[in-house]
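Below is one structure, written out as structure tokens; comments come after it.
The values are calculated or read from the model by the stated rules, or taken from the named source; none is laboratory data. As the structure is a prediction and not an experimental result, all values here were calculated from the model. Here Cβ is always computed from backbone atoms with ideal geometry, including for glycine, and neighbour counts include all displayed protein chains. Protein only, heavy atoms only, side chains kept; ligands, DNA and RNA dropped before computing areas. Shrake-Rupley method; radii C 1.70, N 1.55, O 1.52, S 1.80 Å.
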Amino acid sequence: MEKLKNYINGQWVDSRSEQFLNVVNPASQEVLAQVPSGNALDVADAAQAAHEGFQEWKNTPVSKRVQYLFKLKTLLEDNLDDIAKTIVLESGKTFLEAKAEMVRAIENVENACGMPAMMQGEFSEDIAKGIDEYMIRQPLGVCACIAPFNFPGMITFWFLPYALACGNSYIIKPSEKVPLTMTKIVGLMDQLDLPKGVLGLVQGAREVVDAILEHPVVKGISFVGSSNVAKYVYSKGAAHGKRVQAQGGAKNPVVVLPDADIDMTTQIVIDSVYGCAGQRCLAASTIITVGDHKDITESLVESAKTRKTGFGLDSEVQMGPVITAESKNRVNNLLDKGIKEGGRVIVDGRNPNIPGFENGNFIAPTIIEDIPLDGELAATEIFGPVLSLVHINTIEEAIRFINSGRYGNMACVFTSSGLNARKFRHEAEAGNIGINIGVAAPVAQFPFSGWKDSFYGDLHGQGKHAVEFFTQTKVVIERWLKEWNRKF
Ligand code: NAD
């Protein structure tokens, strides 16, 4: 059985921890590899190497630093199918979903290639007689990413290309549930011949996170995961003087107004709810119909029933399993709560039969109708293929419900009225708004926003926010002696 290693100082090395966790294929329960649970010594080694690598990297011109990213783009593209296959095996998603995730990762590499212009400073001449003032951007130092399981390849790339292009060295801590994808990608990045230490990979779980949060040379931390851990990482990281951006969980509402196009809405909403088996931080979760709901309900039910669930490498399959058996139990328990609260299951995907994959963590598309808006199911992140359908009377009521929630990752509206769409985007409290869009995922030029308990911090990942996050500004006020001699 393969035992995964850390990548430190340009070399693959054994973890200093002797504890290992199984990496499991969620479709079959086959053990794919073993990942070290990691410890503070691993982090100390990686941080020290990254700190040394930083001294050379920060003095490498930005135009040269992005040359590594151009090569990285080609490497990722040339190995896309291989990476996607690994994503399928360890995360359970379909091959097409895995490829789409890597396309998003590559888009961020492309965007960060514009860093020579993106991190340009500002200059003002003669702010007083003979005195000039300018602002330059300099890298922070050693930065780190702590990633969740649901996008084993993409999420690290909301940060890594920008961090490196800005001149930081970078440590990756993948989710211990899906460490194979980043191990493969770092293996490819080894071919880039970055200065030693500039890139590190530390495998592991909580102990590694705590060590990253405490290590003095780590200056910036990007976290993505569940809200409670995000809040913990944000507060502990900040208490240790680090710059932290921490993206948390979500519970994404979608409002369907009476003037929405039923066919288009159905197709987009169903893709949003069941894509990646509902394990997307931008997965639609609660569908709120306003006014007459007979046609849209029938259409959603019909479409959910035809979605094929199974092993992600089967080309006919549209939806894979959830990540672990515990996850499956959690989703089923939440459904039970929804039923106790008065909800009715109108499409029941619990415990489907998937021939050849009887042990997989499968839940087929499920719809529960009429859950109470003030109940537990309506408020809790499900992170599984369950659509909660609720019917109300006005757009105002829908927006009030959305704004009463704990999360603010995404809110969507389906309508053909510009006026209603405008009201919705203006009033709904979420960082990403979709108007006739089911997964409002910002492209690489835009920040991946999130509000309320979906985000702790200020600057988000991607685009200009990433440049600001991964640099610190230095303002220089300058006078030269010759000017001093000028008459004031
Ligand atoms: P998670 O919070 O369990 O784990 C995320 C990371 O934190 C992992 O690397 C894990 O090793 C580490 N971790 C877990 N528990 C910890 C603890 N107690 N102390 C320190 N570190 C800990 O999240 P997950 O289950 O891997 O991912 C799913 C969650 O991520 C969902 O809530 C989803 O909404 C969220 N997510 C959010 C976004 C976003 O952009 N807002 C994107 C993707 C996923």
By the Kirkwood definition, with r running over pairs of different Cα atoms, segment 346-488 has a hydrodynamic radius in Å of 19.4
For segment 294-442, give the percent of accessible area contributed by carbon and sulfur heavy atoms, probe 1.4 Å, rounded to a whole number. 47
Most positive-pole-ward Cα, A364, T306, Q279, against dipole of segment 252-435 from beta carbon charges: Q279
Relative contact order (percent) for the chain, with alpha-carbon contacts under 8 angstrom and 6 or more residues of separation? 19
Can you give the three extents of the C-alpha atoms in segment 102-208 along their principal axes, from longest to shortest, in whole Å? 61, 31, 27
Show me the ranking of peptides 346-354, 410-418, 101-109 by mean Cβ neighbours inside 10 Å, starting with the highest. 410-418, 101-109, 346-354
Report the antiparallel proportion of the DSSP beta bridges in segment 252-435 as a percent, rounded to a multiple of 5. 10
Based on the alpha-carbon gyration tensor of the chain, what equivalent-ellipsoid semi-axes (square roots of 5 times the eigenvalues) come out, in whole Å, largest first? 41, 29, 19
Counting only heavy atoms of protein chains, what accessible area per residue, in Å², does the chain have with a probe of 1.4 Å? 42
Quick one: Cα centre-to-centre distance for segment 92-145 and segment 255-311, in angstrom? 36
Per residue, the convex hull volume that the Cα atoms of segment 252-435 enclose (Å³): 107
Pairwise label distance in nanometres, D78 with A239, each label 7 Å out on the Cα-Cβ vector: 4.7
I'd like to compare 223-229, 189-195: which one has the highest average count of other Cβ atoms within 10 Å, and what's the full order after that? 223-229, 189-195
So how do D42, D126 rank on accessible area, 1.4 Å probe, biggest first, that is with the largest at the start? D126, D42
Of the listed links K328/K452; K73/K474; K85/K236; K64/K452; K85/K464, those spanning more than 29 angstrom between alpha carbons are K73/K474; K85/K236; K64/K452; K85/K464
More than 18 angstrom separation, counting every C-alpha pair in segment 126-278; what % is that? 66
